[in-house]
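Bear in mind that the values in this text are calculations on the coordinates, not laboratory data. Because the structure is a prediction, the values reported are computed rather than measured. Don't worry about glycine lacking a Cβ; one is built from the backbone with ideal geometry, like all the others, and counts go over all protein chains shown.
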Amino acid sequence: MVIDLVLSNAKIYTSSGIVTAGVAIENGRILRIAKEANLPQASHTLDLHGHLVLPGLVDMHVHLRDQQLAYKEDFVTGTSAAAAGGVTLIADMPNNIPPTTSATSLRERARLAENHIFVNTAFYSAFPEDLAQLPSIVKEKAIGFKVFLSNEIGGFDTEDNNLLTRAFTQAANLNIPVAIHAEDKKTLENAEQEVKKTCRTDVKAHLETHPAIAEMKAIQRIVQLFENTGGSLHLCHLSSAIGLTSFLAAKKQGLRITCEVTPHHLLLSNKHSKRLPRLTLVHPPIRTLEDTKALWNAVTNRQVDSIASDHAPHTIEEKTTESIWDVKPGIPGLETTLPLLLNEVNKGHLTVPDLVRMTSEVPARILKLKDRGSFKAGCYADLVVIDMKQKHEIDASRFHSKAKYSPFNGWKVKGKPIRTLVNGRLVMDEGEIVAKAGTGSIVS
């Protein structure tokens, strides 16, 4: 039997540790992990020169833009950025133009993406005004529903508790998770009114319009609405110590609740915001060093379920407007997430098993993705090859993303993704995209 591909001379991550072995790949899946003498003959062999192989990242939180926002990012550039960063599966958020709020809009978005993606791609939907549409949206392969509590998508009223409870209950009945951007809308509006009376335009003023208490209030409200639905609740980009406390309290009560944190909330604090006020502007905002420490402690104590990029690209003009109130919130993160985390592994702040758990295994489990996010026989061969010793400087000018800026630009890191395989095909090799668009699949 001659199979498609063998990865030779590799260090392989397994649940029982890192072993020196090879990987046999056939029809896009991992056929066998074994000593090379025990692997079948292959049409192609790729020598990995002793480098580490991990499951590719499953990024639960990505804004791919495209359609009427293609000037910021499109399916080609966004998924190229993912492949360059060792991300093999992304979940696209619905706040697009037009927004993803129906079976029709989801079908059209998937149709446009299908022949242009380099990595596997799944799609969230927002809740529609008419909840009777939920089954058709799920049938169209929505991976989950996303709720932005701080602003509406489409016509769904996020201030209506009865409507939210009915939506959560129906999502639970359809066995599909709900992801929440947890910032209380009224708290944000009241804070913004007070701050804008002072005519301030500094970054601290912006931070004051997104206080940590808004995150806490939103989590507490959503937990109360969700607790009797039996569904799965996921909190996006936790950013504060008090928000984390509210999340852990809900988990202790037995609620089916998970959370994610981002590299920018883990590695940046308000001291970075003072230096780069516009490039670090994001919602929820970069907070204090105490908040950062609380999030890291939660990561260390295995209380955080996942790490996601919240890749949110804009044009450089949108990020550098004169007034802080006109700056678009968001940071491009697909190409920096893994290098930044590998650097933390090299510094001893993070272990390889915890990295894999939070960036691959658990995200795939939360999104109910079968045979994704794990490194074992039978799973899809979505893999990233790592050079743990390679030192390099993050250079935003070389990003594959259209957003060629980053608050991490110039950071010196150790550890780099050097090859990415998607469905058993080599997509990225030493920073270059070497596959054809359409290598990735639409998944659900």
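With a threshold of 25 Å on the Cα-Cα distance, the over-threshold entries among LYS271/LYS328; LYS72/LYS370; LYS368/LYS414; LYS204/LYS328; LYS252/LYS328; LYS217/LYS293 are LYS72/LYS370; LYS368/LYS414; LYS252/LYS328.
Add -39500 (n - 2.57) for each DSSP H run of 4 or more in the chain, then divide by its residues: what number comes out at 222 nm, to the nearest 500 deg cm²/dmol?
Computed mean residue ellipticity for the chain: -8500 deg cm²/dmol.
The H on the amide N of ALA179, modeled in the peptide plane, is under 5 Å from the matching H of PHE145, LYS146, VAL147, HIS234, each at least 5 residues off or on a different chain. If I model a spin label as a point 7 Å beyond the Cα along the Cα-Cβ vector, how far apart are those points for LEU174 and GLN68 in nm? Between LEU174 and GLN68, the label points sit 2.3 nm apart. Most fluctuating residue of ILE137, ILE219, ILE242 in a GNM of the chain with Cα springs under 10 Å: which is it? Looking only at ILE137, ILE219, ILE242, the biggest GNM fluctuation is shown by ILE242.
Roughly what % antiparallel, to the nearest 5, for the DSSP beta bridges in the chain?
50
Panel note: the C-alpha atoms of the chain, placed on their principal axes, show extents of 71, 48, 42 Å (largest first). Taking a straight Cα-Cα cut-off under 20 Å and skipping sequence neighbours fewer than 8 places away in the same chain, the aspartates and glutamates within cross-link reach of LYS274 are GLU192, ASP202, GLU208, GLU290, ASP291, GLU317, GLU318, GLU322, ASP326. Spin-label model, GLN224 to THR45: label points 7 Å out along the Cα-to-beta-carbon direction sit 6.5 nm apart.
Projected onto its three principal axes, the C-alpha set of the range 217-362 covers 46, 37, 25 Å, listed from the longest axis down. Among the DSSP helices (H) of the chain, those spanning at least 20 angstrom by Cα along their long axis with an average Kyte-Doolittle hydropathy of 0.0 or more are 212-226; this is a geometric and hydropathy rule only. Each residue of the range 200-207 is assigned a 3J(HN,Hα), and the resulting list reads 7, 10, 7, 5, 5, 4, 5, 4 Hz, derived from the Karplus form 6.51 cos²θ - 1.76 cosθ + 1.60 (θ = phi - 60°), x at Gly and Pro.
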